[in-house]
Each structure stands twice: as structure tokens, then as C-alpha cells.
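A short reminder: the numbers here are calculations on the coordinates, not readings from a lab. Given the structure is predicted, the values throughout are model-derived calculations rather than measurements. Here Cβ is always computed from backbone atoms with ideal geometry, including for glycine, and neighbour counts include all displayed protein chains.
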């Protein structure tokens, strides 16, 4: 077992001897310095867990030594050991950052208690710092390292520390669901359930039953009592994906549930208390739905206490090489084969591609390249046909349409998709990378007249 190191800084050899033997008998590893300059060198090399520092020393005194040590590592606790007459100076050092002070000759019981507490605090702070670094590294590994995504990671840290409702906006494939689960896992609710609900997969007539539950006999076909998603998420977090698909008749009930922290199951006569953190995800600008009266303004303000916008991959091209390497490593591990390098020419092609499917699309391209390449290098030939194939199956991102508004771009994209698929709505929805239910709403909204 490694012993905690304590650095003794004192020009008096006798005092160093007494403190050294005292620390050793109590299970610490003592280090010694007879001057402030020696202390700085030893501190830098040994990274002690605590320091016992004399104030009166030749050369640089204790106060200056304290300042130099703090510049190296301000987290290491420094305990001032001083003569009774210098208590005023010792008190001043605590204002400058010293952990505590004891007077000479020391009360060894009090000194031992002070040293132990200081070392325990240092151990805790180092563990917290290490955990924080691991979390930061994990978030970068998940979301990327570009400047734009750094802003998103900062928002994740901030919202994870509170219980505010969050709306996550971003194009399909940007990782909104993953982001929501990370917020949950970093929050105080991490031990509770994380329940994800895809509104695009629930028929309008069943939304209220799925969210809030129903009693036996509440409607035709309700043969037994059913617990809703909100009740399943109690003490945890609920993610409602495709938030814009919640029908208006269910939005009023949702607003009441979030405000009152109570739910009423369909056919029930009493309410059930819930403690749920709400996160919504949408691949559109939800404010547009508010302006068009398809989403209640009061519900938007209640749910959107924090709005996180995830930038598309084409707006953070610096993340593309990082993700390519990451996905290649994962694919080669899965395939149990050596990892090839990605040529500079290939990286440049990846950087220039628009990635309408964002990170999800890039992952698929890299996985297929890893599968079909048996060489030491992923060359342009290994991805050219993949990207060309992807381009032939996907429409350009809305941002590339030369129209003034998102509404115009959406309408044009839907028309083009329906034309390509000869009016087949299911295929058009897949081509547009939206769910079938959303496409039907858009067709009704924009008055499209597809060939059936």
C-alpha cells in the first residue's frame, strides 16, 4: 500500500527530525526541505499530499514559498507551522490559500488530526479531478472535440446539475438521444430509470394512453390496466423523441402533468404523483411549430427551460477525422482485424461530404469501408462508391436548397422525394430520414398532391 507523502519545510534540523519521526510513526512518508527553494523543487518532483511549512526561513520565507507552491498545484493543502508570536502572519496565510496553521511547539494530537484531514481532502479532490477528467474524455469520445461541440458539452455539464426541462434540437443522426441519456447519467437522477418514447411511432389516438396510462375499460380494447411512460420514469428521466409529433389534444394534458407533477390515467378517478425530469428531442426548430400553432406556446415555454442545439456534422468538419478514426477502430475490433490507416485523400473526401445523415451516416460509411477493405489503408476508392451510393439514396440537406425559408426547403424536399418514389410515402419518409407520421403531417400542412 502506498503511503501518503508529507513535505516538511523548515530550516531547523531538530524540528524536521521531530516532525519526520512523528509522521513516520503515524503511517506517513515524510519528505524534507531545509529552504523554500528546496521545497519548490521537491514539491514539483514528488507531488506530496500535504505540506508542513515554516514561516521564518532564510532566503524566500514561508509566504513566498506558499505562493510558489500554489502556482505548481493549488490543490495540495499547506499547513503553516509557526511560532506563537507569528500567529497574525499565519492567519494571513490562510487568506492567501494555506489550509490551516499550528503553533510551535505543536500539539501533536491536533497536528495529527489536521494532517489527516488535509490528506483526506487532497485524496478526495484528486479523485474528483480524475473522475472529472474521465467524464470530459468520455464526452469528447462520444460527441467530438470541435469548438462548436465544446459549447454543447459545456451545456451538458450545466443542465446535468439541475432539474430544468430540456429541449434538444438537431438534424437526424446528430446524437440527440445519446445526449439526453448522458444528461441523465450525469445527473442526481442517474440511479433512476431513463425512459425513451418515440412519438413518431405512436398513433395519435394512443398518445395519451401511452404517456399517462389507462384503466381497464377506459376505451374499447382496454382489457387491462396499463402503466404509462411517465409513471415508468418516476424518480428518473423521460425523453420524448420527435416532440413535434405530440398531437394538440395531448399537449394540454402534458402541460398539466409537468406543471402539477401529477398524472391522471385515462378512465381513472384519482391522480398519481410523479417526480420526473423531462427532456424533449426534435429534428426541427420547435419555435416554427409554435408560430404555426401546431405546438402550444405555453407548453414550449414550460418544456424549453433550456434549449440545446446540436450542430450538424457539416458545420463542424474538424470532428469528421476524429469520428472516422473512432468508428474505424470500433469496426475493426468487431471484425477482429488489424486497423488500417485512413489516407489524407480519403480524409479530405470525408471532410467535403455534406453528411445529410450526420454522425450516423458517417458511422455506416466507415463500417462498410472497414468491411470491404483488406488493405493497410482506407483509400478514396474504398469510400467513393459508398458516398456516391449514399448520395443517390438521400436528398441534400435542407440547408443546401437555395430557398429563403426552411418551410420552402421542406416543401421542395418532400415534393422531390415523392417524385423519386412515385408517390410512395413510406419510401419517401425513409429517403427524407423522417418518420412516416411526420411526413403525413407535412403533406397535409403543405398541400402536397402526390401520385398514389
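Counting only DSSP beta bridges with both residues in the chain, what percent are antiparallel, rounded to the nearest 5? Roughly 5 percent of the DSSP beta bridges within the chain come out antiparallel. Given the C-alpha centroids of the stretch 297-319 and the stretch 10-45, what is the distance between them in whole angstrom? Comparing the Cα centres of the stretch 297-319 and the stretch 10-45, I get a distance of 55 Å. Computed packing ranks the peptides 190-203, 211-224, 172-185, 27-40 as 172-185, 27-40, 190-203, 211-224, most packed first, by mean other Cβ atoms within 10 Å. Counted over the stretch 144-309 with a bin width of 5 Å, the fraction of Cα pairs per bin, in whole percents, is 2, 9, 18, 22, 20, 15, 8, 4, 1, 1, 0. Contact order, relative form, for the chain: 11 percent (alpha carbon pairs under 8 Å, 6 or more residues apart, mean separation divided by residue count). Between residue 125 and residue 232, full extension at 0.36 nm per residue minus the direct alpha carbon distance yields a gain of 34.9 nm.
Ordering 22, 101, 372, 230 from the fewest to the most neighbouring beta carbons within 10 Å gives 372, 22, 101, 230. The angle between the Cα long axis of helix 319-335 and the longest principal axis of the Cα atoms of the chain comes to about 80 degrees, rounded to the nearest 10. With contacts taken as Cα pairs under 8 Å at a separation of at least 6 residues, the stretch 5-127 carries a relative contact order of 22 percent. Just to confirm the number: angle between the C-alpha axis of helix 380-393 and the first principal axis of the chain, 0 to 90 degrees, nearest 10? Its long axis makes an angle of about 50 degrees. From helices alone, the chain scores -16000 deg cm²/dmol at 222 nm; the rule is -39500 (n - 2.57) for each run of n ≥ 4 DSSP H residues, then divide by the residue total.
When only alpha carbons are used to place a centre, the stretch 166-234 and the stretch 425-448 end up 23 Å from one another. Sorting 333, 282 by the number of Cβ atoms found within 10 Å of their own Cβ, with the fewest placed first, yields 333, 282. The angle separating the long axis of helix 406-420 from the principal Cα axis of greatest extent in the chain is about 60 degrees.
The residue 285 and residue 137 beta-carbon pair, evaluated with R₀ = 41 Å, returns a calculated FRET efficiency of approximately 0.80.
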